[in-house]
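All remarks here apply to the structure that follows.
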Amino acid sequence: MPWRYPIFDLDYGEEERRAVIEVIQSGWITQGPKTLEYEEKLASCFGVKYALATSSGTTALHLAYLAAGIHPGMKVIVPSLTFVATVTPLLWIGARPLFADIHSLKYPNISPESVEKLAPEADAIVFVHYAGFPDFIQDILEIARKYNLILIEDASHAIGTKINGKFAGTFGQVSAFSTFSNKNLSTGEGGFILTNDKKIFKKAKLLRSHGMTTTSYSKFSGNHPLYDVVEIGFNYRITEIHAALGIVQLEKLEQKNEKRQELVKKYRNKLKDLEGLIIPFENFGNSANYIFPVVMPETTDREKVIDKMAEAGIQTSIHYPPIHKFTAFLRLFGDIELPITEEYARRTLTLPLYPSLNPQDIAYITDAFKRSIH
Ligand SMILES: Cc1ncc(COP(=O)(O)O)c(C=O)c1O
């Protein structure tokens, strides 16, 4: 590996190895009993009626949007400061994204003011808990109620985030999560949706596997081979190997999130006196702390900092280049202005964060960062 400190480092152990071997030895590797067990554990852990595991966060979002009733021509409020996959499934459906600006450099979630401006012409809102922080979800929920909008959460960054005892991903009609390799709950590729709405769950479940009224495992288990196709669906199934990894990772989630919280506290202490530096959000205690982004002083040359950090063996990243400025989006929607998102995106830099870091590592990284900024 070229980095002394990569942006993320996978922390699998003997439990994950054993879980994968068990699945292989069972002889059944596509969606089956492990997936069901994983889904039951997800629903119980997050306190919802239904969980549905999928092949990725992107496919979870696509299913969540369709099952919640997003259809061609609908207008959906979204952030631009997110991974592009929050928005692409809306375009596949033929819905139109309405980009909302973030609140501020300090609170980079979509702002209630920006959302309320767009709400009268919108049909739905997608809320992303950026970096794991739920700030404004309650206000956005109230706006959704006031204007009768569908609320969907992309909680990919917020696996385990809690707001007054209630998990991120349980505020809207449905939520989607990614369990991509660098996420707090990591299965390599994978995702899931959570909902309390039986209709949403049933529709998403049908769409996940070609709209078929049966599954391969059901037929293998002795049920009748004949089936009907009642929806035009997809193959968004997860494998038993990924589900087994998910079960092990779910058991480790709380402890690993606590470790992330300790590391973020260290980071914040070390960087708090750096002039002009903004560390987004305050209450890192209720965040899953998926990443640790900072906002550089206004006059800092970010490219130089990235290079200097690389010289010290530290990988940095940018979360995110704003979606509305991507070539494909400019082509579709023209030049939209989101001044706060754009300034944030110009100045932000993400430092390494993963549970196996220790306080000495944070000291090394923050020292190198301070030197790089000067
Ligand atoms: C906010 C957000 N939404 C959606 C996705 C897409 O998830 P996946 O890569 O599992 O398809 C990601 C993944 O990085 C993400 O960070």
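Helices (runs of 4 or more DSSP H) fully within segment 1-86 that include at least 1 residues being crowded, with 23+ Cβ neighbours inside 10 Å and more than 16 Å from the ligand (Cβ to nearest atom): 33-46, 57-68.
Would you mention how many residues in segment 204-221 are at pLDDT below 95 and either hydrophobic (A, V, I, L, M, F, W, C) or surrounded by 15 or more Cβ atoms within 10 Å (Cβ to Cβ) (or both)?
Let us first name the residues in segment 204-221 that are at pLDDT below 95, namely 213-221.
From what is left, the residues that are either hydrophobic (A, V, I, L, M, F, W, C) or surrounded by 15 or more Cβ atoms within 10 Å (Cβ to Cβ) (or both) are 215, 217-218, 220.
Qualifying residue count, segment 204-221: 4.
Pairs meeting the criteria (first residue in segment 220-232 and free of Cβ contacts under 8 Å to residues at least 12 places away in the same chain, second residue basic (Lys, Arg) and surrounded by 10 or more Cβ atoms within 10 Å (Cβ to Cβ), beta carbons under 7 Å, at least 6 apart or on different chains) are Pro225/Lys219. Against the condition crowded, with 19+ Cβ neighbours inside 10 Å, part of a loop (DSSP other than H, G, I, E, B) and either at pLDDT below 95 or within 16 Å of the ligand (Cβ to nearest atom) (or both), how does Leu226 come out, does it pass? So Leu226 fails the test.
Any idea which of Ser104, Ser80 is in contact (Cβ under 8 Å) with a residue 24 or more places away in the chain, over 25 Å from Thr195 (Cβ atoms), of a type in the set (Gly, Ala, Ser) and touching a Ser or Thr at 6+ places or on another chain (Cβ under 6 Å)? Don't jump to the end; show me each part of the working.
On the way: Ser104 fails: touching a Ser or Thr at 6+ places or on another chain (Cβ under 6 Å).
Matching residue, one of Ser104, Ser80: Ser80.
Step by step: first the residues of segment 282-327, then only those that are β-branched (Val, Ile, Thr) and assigned to a helix (DSSP H, G or I), then the one that is nearest to Pro79 (Cα to Cα). Which residue is that?
Residues of segment 282-327 that are β-branched (Val, Ile, Thr), as a first pass: 291, 294-295, 299-300, 305-306, 314, 316, 318, 323, 327.
Remaining after also requiring assigned to a helix (DSSP H, G or I): 305-306, 323, 327.
Details: Val305: 27, Ile306: 25, Ile323: 8, Thr327: 17 Å.
This residue is Ile323.
One residue is enough: does segment 143-160 have a residue meeting the conditions charged (D, E, K, R) and free of Cβ contacts under 8 Å to residues at least 12 places away in the same chain? So that I can check it myself, show each step before the final result.
Here is the first cut: in segment 143-160, the ones charged (D, E, K, R) are 145-146, 153-154.
Now restrict to residues that are free of Cβ contacts under 8 Å to residues at least 12 places away in the same chain: 145.
Yes, that holds for at least one residue.
When the criteria are applied in full, Pro79 meets the requirement of being modelled with pLDDT of 95 or more and touching a Pro at 6+ places or on another chain (Cβ under 9 Å). Which numbered condition trips up Arg96, out of (1) within 12 Å of the ligand (Cβ to nearest atom); (2) in contact with a Gly (Cβ under 8 Å, 6 or more places away or on another chain)? Among (1) within 12 Å of the ligand (Cβ to nearest atom); (2) in contact with a Gly (Cβ under 8 Å, 6 or more places away or on another chain), the lone unmet condition for Arg96 is (1). Of everything in segment 330-347 that is touching a residue at least 60 places away in the same chain (Cβ under 8 Å) and not in a helix (DSSP H, G or I), the residue that is surrounded by the fewest Cβ atoms within 10 Å (Cβ to Cβ) is Ile336.
The set of residues from segment 209-263 being aromatic (Phe, Trp, Tyr) and within 22 Å of the chain's Cα centre (by Cα) comprises Phe234, Tyr236.
The values are calculated or read from the model by the stated rules, or taken from the named source; none is laboratory data. Just so you know, these numbers come straight off a predicted model, no measurement behind them. Glycine gets a Cβ as well: all are built from the backbone with ideal geometry, and neighbour counts include every protein chain shown.
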